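Participant: Attaching a single structure in structure tokens format; questions to follow.
The values are calculated or read from the model by the stated rules, or taken from the named source; none is laboratory data. Keep in mind that this is a model prediction, so the values were computed, not measured. Cβ placement follows ideal geometry from the backbone for every residue including glycine, while neighbour counts extend to all protein chains displayed.
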Amino acid sequence: MTFLYDKYRYILLGSFVTFIVFSFSVFLPNFSLIWIVGTSSASFAEKFSFIISLYGAIQTNFTFISASYTILIALLFGLNIALLAYFIRTRSVGAVQGNAAVGIGGLVSGIFGIGCAACGTFILSAALGLFGATALLTFLPLGGEEFGILGVLLLGYTTYALLKKMKEPAVCPI
């Protein structure tokens, strides 16, 4: 029975992380609006309803490509965290370090690619704007969405590497 309980714990962990990453991605371009509504005199039900309605922004504010990789990044990151937690629990922490770094790199790259159709890559254009280098994004064929695609590829590789390591025996071969 504990075997099933352990599986459910990892499924819940992965689902929770997926939800948090997806929510962060969808809410990121609207943080100032969320703050204004959150500090307004509206009722809790109205504020909650507004927050829930922002999930629809994935259809309206994101292009098909950016919505696709945003969803994939959230799913793959949740899966990676669940696999990593399982792997750490069953193996040594040292065996996981390289895969964890690639997974974090994939998430960071994916976060740089988050953006909507109107503003493009939200974080990257803001960061490059500090250095006056936002024009560099126009030279990229997809206008900065390459960072999100790179994030999906890195997270996909990490998932593959973790699954491959999990198939290896927990002890050194003789």
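Participant: Please count how many residues of the range 133-154 are at pLDDT 70 or above, within 18 Å of Phe62 (Cβ to Cβ) and of a type outside the set (Gly, Ala, Ser).
Facilitator: Number satisfying all stated conditions: 5.
Participant: Show the residue pairs that are 6+ apart or on different chains and have beta-carbon atoms under 6 Å apart, the first residue being within the range 26-41 and farther than 20 Å from Ala67 by Cα, the second being aromatic (Phe, Trp, Tyr).
Facilitator: Close Cβ pairs satisfying both conditions: Val37/Phe50.
Participant: Please work out which residue is farthest from Glu146 (Cα to Cα), limiting yourself to the range 29-64 and to residues that are buried (at least 16 other Cβ atoms within 10 Å of the Cβ) and aliphatic (A, V, I, L, M).
Facilitator: In this case the residue turns out to be Leu54.
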